[in-house]
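Visitor: Below you'll find the structure I mean.
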Amino acid sequence: MFTGIVTACGRVAKVERNGERLGLTIEAPFDDLVDGESVAVGGVCLTVVEHGARWFRVEAVVTTLGRTCIAEWAEGRRVNLERAMAVGDRLGGHLVQGHVDGVGRVRGMHSQGDAVVLDIAVPDEVAETTTAHGSVTVDGVSLTVGAIPEPGVVQVSLIPYTRAHTTLGALTPGDRVHVEADVIGKYVRQLLKARGTI
């Protein structure tokens, strides 16, 4: 479980393809990782399979590759990082599983005061459970949905701190991003479907 509060930005140092698996070595400012630990990499919960001083290695299997854009990542790419939440931690963002629901696309962006407002086209699974002033995770960053300007599009604002301390500040129209819907909304939808309400 994560909070969507990015603690560091890392860099993809090495990409290795092994059949249907993709191995990624990530340079990161962490010195106390352990093998088997979960780390959200660009919003995707991945397991540390090997680690060393200021680097760790993870593997993405076919199911992960099918619902993310990790297969497109190249060496040198910057990625948002968050280690799993410990019991007793502050929940500064919202409950994030690192279970990406799909890939969205930046449709547009504009300045609004000192914020940058993004319009992101999201998959139906995300749109169905997203509400204005609710939460959405974009590349591992917990964001508040400012508006839903049209069906299938969520609008979020990036404050200067978020732009400076995450990879979201480098986004441009057309970029693909990992999106995860709010987990509470997903559970409510599933319960209603099971009861035949929707």
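Visitor: Six or more apart or on different chains, Cβ atoms under 7 Å: show the pairs whose first residue is in region 179-198 and at negative phi and assigned to a helix (DSSP H, G or I) and whose second is among the polar types (S, T, N, Q) and surrounded by fewer than 17 Cβ atoms within 10 Å (Cβ to Cβ).
Guide: Val183/Gln97
Visitor: While we're here: Would a scan of region 150-168 turn up a residue that is in a strand (DSSP E or B), in contact (Cβ under 8 Å) with a residue 12 or more places away in the chain and in contact with a Lys or Arg (Cβ under 9 Å, 6 or more places away or on another chain)? Reasoning before the result, please.
Guide: Residues of region 150-168 in a strand (DSSP E or B): 150, 153-158.
Now narrow it down to the ones that are in contact (Cβ under 8 Å) with a residue 12 or more places away in the chain: 153-158.
Add one more test, that the residue is in contact with a Lys or Arg (Cβ under 9 Å, 6 or more places away or on another chain), and what stays is 153.
For region 150-168, residues in a strand (DSSP E or B), in contact (Cβ under 8 Å) with a residue 12 or more places away in the chain and in contact with a Lys or Arg (Cβ under 9 Å, 6 or more places away or on another chain): present.
Visitor: Let me confirm something: among Val87, Val96, which residue is among the β-branched types (Val, Ile, Thr) and at pLDDT below 95?
Guide: Numbers: Val96 fails: at pLDDT below 95.
Residue meeting the stated conditions: Val87.
Visitor: Tell me which of these Ile26 doesn't satisfy, since it passes every other one: (1) out of contact with any Phe, Trp or Tyr (no Cβ under 6 Å at 6 or more places or on another chain); (2) closer than 15 Å to Arg78 by Cβ.
Guide: Condition not satisfied by Ile26: (1).
Visitor: Let me ask something else. Considering region 86-145 alone, what residues qualify as being in contact (Cβ under 8 Å) with a residue 60 or more places away in the chain, in a loop (DSSP other than H, G, I, E, B) and more than 20 Å from Thr3 (Cβ to Cβ)?
Guide: Glu128
Visitor: Of the residues Gly92, Gly76, Gly113, only one is of a type outside the set (Phe, Trp, Tyr), loosely packed, with under 14 Cβ neighbours inside 10 Å, at negative phi and over 13 Å from the mean Cα position of the chain (by Cα); which? Break it down stepwise before answering.
Guide: Details: Gly76 fails: at negative phi; Gly113 fails: at negative phi.
After ruling out the rest, the residue left standing is Gly92.
Visitor: Something else about it: What residue, of Ala53, Ala71, Ala28, Ala40, is among the aliphatic types (A, V, I, L, M), surrounded by fewer than 16 Cβ atoms within 10 Å (Cβ to Cβ) and touching a Leu at 6+ places or on another chain (Cβ under 8 Å)? Give the steps one after another, and end with the answer.
Guide: Values: Ala53 fails: touching a Leu at 6+ places or on another chain (Cβ under 8 Å); Ala28 fails: surrounded by fewer than 16 Cβ atoms within 10 Å (Cβ to Cβ); Ala40 fails: surrounded by fewer than 16 Cβ atoms within 10 Å (Cβ to Cβ).
So the residue among Ala53, Ala71, Ala28, Ala40 that is among the aliphatic types (A, V, I, L, M), surrounded by fewer than 16 Cβ atoms within 10 Å (Cβ to Cβ) and touching a Leu at 6+ places or on another chain (Cβ under 8 Å) is Ala71.
Visitor: Same structure again: Against the condition of a type in the set (A, V, I, L, M, F, W, C), surrounded by 18 or more Cβ atoms within 10 Å (Cβ to Cβ) and within 19 Å of Gly185 (Cα to Cα), how does Val138 come out, does it pass?
Guide: Working: of a type in the set (A, V, I, L, M, F, W, C): yes; surrounded by 18 or more Cβ atoms within 10 Å (Cβ to Cβ): yes; within 19 Å of Gly185 (Cα to Cα): yes.
Yes: the conditions hold for Val138.
The values are calculated or read from the model by the stated rules, or taken from the named source; none is laboratory data. In this text the structure is predicted, and so the values were computed from the model without any measurement. All Cβ positions, glycine included, derive from the backbone under ideal geometry; neighbour counts span all protein chains shown.
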